[in-house]
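K.L.:
There's a structure below that I have some questions on.
The values are calculated or read from the model by the stated rules, or taken from the named source; none is laboratory data. All figures in this text were calculated on a predicted structure; none of them were measured in a lab. Note that each Cβ is placed from the backbone with ideal geometry, even for glycine, and that neighbours are counted across all protein chains shown.
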Amino acid sequence: MSYREYAFKVRETIKKHHQWMSKSLPMIASENITSALVREVTASDFAHRYAEGKPGKRLYQGCKYIDEVENIAVDLAKKLFDAPYVNVLPTSGVVSNLSVYTAFSKPGDTLMALKVTHGGHISHAELSAAGVRGLKVKTFPFDHEKMNIDVEKSIEKIREVKPRIILFGASVFLFPHPVRELREAADEVGATVMYDAAHVLGLIAGGEFQQPLKEGVDVISSSRHKTFPGPQGGIILAKEEYSKIIDRAVFPGLVSNHHLHHLAGLAVALAEMLEFGKSYASQIVKNSKALAKALDDRGFNVLCKDQGYTKSHHVLVDVSEQGGGTFVAETLEKANIIINKNLLPWDDISKAANPSGIRLGTQELTRIGMKEGEMEEVADFFKRLVIDRESVEKVKNDVVEMRENFTEVRYAFDSQNPYKYYEFL
Ligand SMILES: *Cc1c(COP(=O)(O)O)cnc(C)c1O
């Protein structure tokens, strides 16, 4: 192949990806779809520029319009999250976490977080960002039945290990974490209380799930692209008193260029959430509950039935009776239903290649306009594929047909089909 052909092959391959995604049911809980307006500003010349320093006091020239956009993003974020301090520079959720670790701890300090098999993110572990900061990680005692942090045992453990940072938040996150319940123990040992909202930021923005700042956390660290429908990146929200140490940890600490095209997309997504966030977030939670019940009704082992299954965008299913997480995820993919396999709390980490569970997210289906009725249809597809073992081709045709009615992005000012935005589809 010539280099020219390689270059155009990239374009052709992305075109195939867009066609596939636009005919699929996207149910990966850590993903979302941005509106056409977000995509337009993200493809702008901002992608090529640098803007080190603060708006109005940049180290580079050429920033006057970038400054305007950054000020809009910061103002809208403060309003949306009712947060006294906002930092929109982190380029990802992990960079955001590492920045907060850097601001609030020293190498050798202890971090208390959730174990990865209990839903903790890899960046909460010693082999990732926490270890990069030199933190020793102690994990929260976890209640398998409630799928949540065990409050009584955690109070004891906090008193015993005296962590420098207590980190709430997770990548498997059915129910709000006990922030209020553990705040007093944190104060006894002088710990900073941090909340990683990567998965649930869009729910928090829309008034669902929980309100960590009001419940007593010192600092929220997050991504912007899971339930929050922005382009990829990170964000930090905190009490005003921490502004200086966080600013310094982020720049000059861990971020030089802050991906200004994604900053522009964030500003648009913040405006969308201020306008539509409440109805979007409440529909996500309704959809998760409806999907969980519909799967349960069809014979799936959906976790936490006694607690109403979920209060977030997540639904967790134990599929060990249906061939395990790997088989189920691969089968669904063949029929254009995109999900991921997931470890469940009782799985040993050695089961990572074939865990017992699957994790589903309803945020993107919600964003393209699906409601409770559609969740029944989705659950039917799951049953036909995984329990009845119907032909994959047949189900796939029905999935594609269903998706034809959901081509627009809702809860946005510009609802055109985002895949059509690109002239080459
Ligand atoms: C996804 C995730 C992150 C990482 O975000 P990136 O933008 O991928 O770096 C951090 N924390 C939690 C809880 C996550 O789920």
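K.L.:
Hey, can you tell me all the residues within region 9-19 that are at pLDDT below 95 and not β-branched (Val, Ile, Thr)?
P.N.:
Within region 9-19, 11, 12, 15, 16, 17, 18, 19 qualify.
K.L.:
Farther than 30 Å from residue 416 by Cα, part of a helix (DSSP H, G or I) and in contact (Cβ under 8 Å) with a residue 12 or more places away in the chain - does that describe any residue in region 349-358?
P.N.:
Yes; the residues of region 349-358 include at least one that is farther than 30 Å from residue 416 by Cα, part of a helix (DSSP H, G or I) and in contact (Cβ under 8 Å) with a residue 12 or more places away in the chain.
K.L.:
Also, quick follow-up: Could you tell me whether region 339-348 includes any residue that is surrounded by fewer than 18 Cβ atoms within 10 Å (Cβ to Cβ), farther than 18 Å from residue 32 by Cα and either not assigned by TED's automatic domain parsing to the domain that holds residue 320 or not polar (S, T, N, Q) (or both)?
P.N.:
The answer is yes; a qualifying residue exists.
K.L.:
Restricting attention to region 328-338, does a residue exist that is modelled with pLDDT under 95, surrounded by fewer than 24 Cβ atoms within 10 Å (Cβ to Cβ) and hydroxyl-bearing (Ser, Thr, Tyr)?
P.N.:
Among the residues of region 328-338, not one is modelled with pLDDT under 95, surrounded by fewer than 24 Cβ atoms within 10 Å (Cβ to Cβ) and hydroxyl-bearing (Ser, Thr, Tyr), which makes the answer no.
K.L.:
OK, next. For residue 391, are the conditions met, namely being small (Gly, Ala, Ser) and at pLDDT 95 or above?
P.N.:
Yes; evaluated as a whole, the condition is true for this residue.
K.L.:
If you take just the helices (runs of 4 or more DSSP H) that sit entirely in region 198-316, which of them hold at least 2 residues that are within 20 Å of residue 175 (Cα to Cα) and either of a type in the set (Ser, Thr, Tyr) or more than 16 Å from the ligand (Cβ to nearest atom) (or both)?
P.N.:
212-215, 260-297
K.L.:
Would you mind finding the one in 51, 29 that is under 30 Å from residue 173 (Cβ atoms) and part of a loop (DSSP other than H, G, I, E, B)?
P.N.:
Selected residue: 29, the only one of 51, 29 that is under 30 Å from residue 173 (Cβ atoms) and part of a loop (DSSP other than H, G, I, E, B).
K.L.:
Continuing with the same structure: Looking at residue 121, is it within 30 Å of residue 318 (Cβ to Cβ) and crowded, with 19+ Cβ neighbours inside 10 Å?
P.N.:
yes
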